[in-house]
Amino acid sequence: MTQPVLPPVPVVEIERRLKWRVLAIGSFLAIMATFAVMAALSLLVPPRMLTGLPDDPELAAARAALHGRLPVRAGALRFRSTLTGEAPLDAAFGAEQAVLVESAIQSIERARARHRGDPRLALALAHLNLALAAAHVPDASTAVPPEQFAAWLRNVTRAERRYRAVTDRGVDSPEARLGLGFALALEAMAERDPLRERALKLEAIAQWAAVDPRDAAALPALYDRALLLAEVERREEAIRVAREYLALDGTSPWAQRLRKALAVAGP
């Protein structure tokens, strides 16, 4: 049986199809070129470093009230920030510290009206949420009153959300990464699912590894990273990071604690 002979495609139709194909290829190449330029810019132009606090008398007073008096710790982990500084090892979180935190939160909220859109104020609030959460970490092995757990979860969730709002916007903030890692580690302490606990710890380690080594947050990040690496059974890496820490700080009480915790000989 003979096949029917189809009429030839008009020349105009062929040209139209070719034109659409060329346009599609051209659009694709333009999109790829745009991505290439964006990638090059991200390599050539480093992200803006976010540090410190806005120049504001009320914030300066809040910082002076908190500095070195607000312990932000959980287990053996440590933390510092421009707002809180770092409290001595023997400092405890009590009623006086709770009053200081509440007063500082009110000061920062008022300052947000004067410095609209400044992400450093979101960071300052995150630090205070972190302090409240670190003061009362629920024990994963025992039951706690629902209202106590809800209060703890509210603070740690707020801290994590505020830290991520900074780290996810392409701004390099060592304090945000240190704090986010700490918040994740707090969640891990209260987590009963072993797989979820390990995932949270690994993400915390990754945040600490990304802290700029030139920033004051780098030492606490190294310290915490060494401890958590040991907890997730990455012993060799934990020892390497601990020795890196001890090469920078070999004489402080923190250095002594780290040597004892990981049985590391160092300078």
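The values are calculated or read from the model by the stated rules, or taken from the named source; none is laboratory data. These numbers were taken from a predicted model, which means no experiment stands behind them. For neighbour counting, all protein chains shown are included, and Cβ atoms are generated from backbone atoms with ideal geometry for every residue, glycine included.
Does Ala190 satisfy the condition of being touching a strand residue (DSSP E or B) at 6+ places or on another chain (Cβ under 8 Å) and of a type in the set (A, V, I, L, M)? For Ala190, the condition - touching a strand residue (DSSP E or B) at 6+ places or on another chain (Cβ under 8 Å) and of a type in the set (A, V, I, L, M) - is not met. Of everything in the range 150-166, what is of a type in the set (Ser, Thr, Tyr) and in contact (Cβ under 8 Å) with a residue 40 or more places away in the chain? Give them in sequence order. Answer for the range 150-166, where residues must be of a type in the set (Ser, Thr, Tyr) and in contact (Cβ under 8 Å) with a residue 40 or more places away in the chain: just Tyr163. Residues that are buried (at least 17 other Cβ atoms within 10 Å of the Cβ), farther than 30 Å from Phe149 by Cβ and charged (D, E, K, R) are absent from the range 216-228 altogether. Would it be correct to say that Ala230 is more than 27 Å from Met49 (Cβ to Cβ), in a helix (DSSP H, G or I) and out of contact with any strand residue (DSSP E or B) (no Cβ under 6 Å at 6 or more places or on another chain)? Judged against the criteria, Ala230 is a match. Remark: pairs (first residue in the range 234-259, at pLDDT 95 or above and surrounded by 14 or more Cβ atoms within 10 Å (Cβ to Cβ); second residue assigned to a helix (DSSP H, G or I) and charged (D, E, K, R); Cβ separation under 6 Å; 6+ apart in sequence or on different chains) = Val241/Arg225. None of Val171, Val166 is of a type outside the set (Gly, Ala, Ser), surrounded by 14 or more Cβ atoms within 10 Å (Cβ to Cβ), at pLDDT below 95 and touching a strand residue (DSSP E or B) at 6+ places or on another chain (Cβ under 9 Å) except Val171. Among what's in the range 79-113 and is in contact (Cβ under 8 Å) with a residue 60 or more places away in the chain and over 16 Å from Ser173 (Cα atoms), pick the residue that is surrounded by the fewest Cβ atoms within 10 Å (Cβ to Cβ). So the residue we want is Leu89.
The set of residues in the range 176-218 being farther than 20 Å from Ala238 by Cβ and free of Cβ contacts under 8 Å to residues at least 12 places away in the same chain consists of Asp193, Leu195, Arg196, Arg214.
Residues checked against (1) among the charged types (D, E, K, R); (2) part of a loop (DSSP other than H, G, I, E, B); (3) closer than 22 Å to Ala176 by Cβ; (4) in contact with a strand residue (DSSP E or B) (Cβ under 8 Å, 6 or more places away or on another chain):
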| site | (1), (2), (3), (4) |
| --- | --- |
| Phe79 | no, yes, yes, no |
| Ala98 | no, no, no, no |
| Ser107 | no, no, yes, no |
| Ala111 | no, no, yes, no |
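In the range 182-193, is there at least one residue being surrounded by fewer than 15 Cβ atoms within 10 Å (Cβ to Cβ) and modelled with pLDDT under 95? Yes, there is a match, as at least one residue in the range 182-193 is surrounded by fewer than 15 Cβ atoms within 10 Å (Cβ to Cβ) and modelled with pLDDT under 95.
How about the range 217-234: which of its residues are in contact with a helix residue (DSSP H, G or I) (Cβ under 8 Å, 6 or more places away or on another chain) and either more than 22 Å from Ala176 (Cα to Cα) or of a type in the set (Gly, Ala, Ser) (or both)? Show your work before the answer.
Of all residues in the range 217-234, those in contact with a helix residue (DSSP H, G or I) (Cβ under 8 Å, 6 or more places away or on another chain) come to 217-232.
Matches in the range 217-234: Ala217, Ala218, Ala221, Ala226, Ala230, Glu231, Val232.
Please work out if Leu186 is closer than 20 Å to Ser81 by Cβ and in contact with a helix residue (DSSP H, G or I) (Cβ under 7 Å, 6 or more places away or on another chain). Before you say what the answer is, go through the steps one by one.
Values: closer than 20 Å to Ser81 by Cβ: yes; in contact with a helix residue (DSSP H, G or I) (Cβ under 7 Å, 6 or more places away or on another chain): yes.
For Leu186, the condition - closer than 20 Å to Ser81 by Cβ and in contact with a helix residue (DSSP H, G or I) (Cβ under 7 Å, 6 or more places away or on another chain) - is met.
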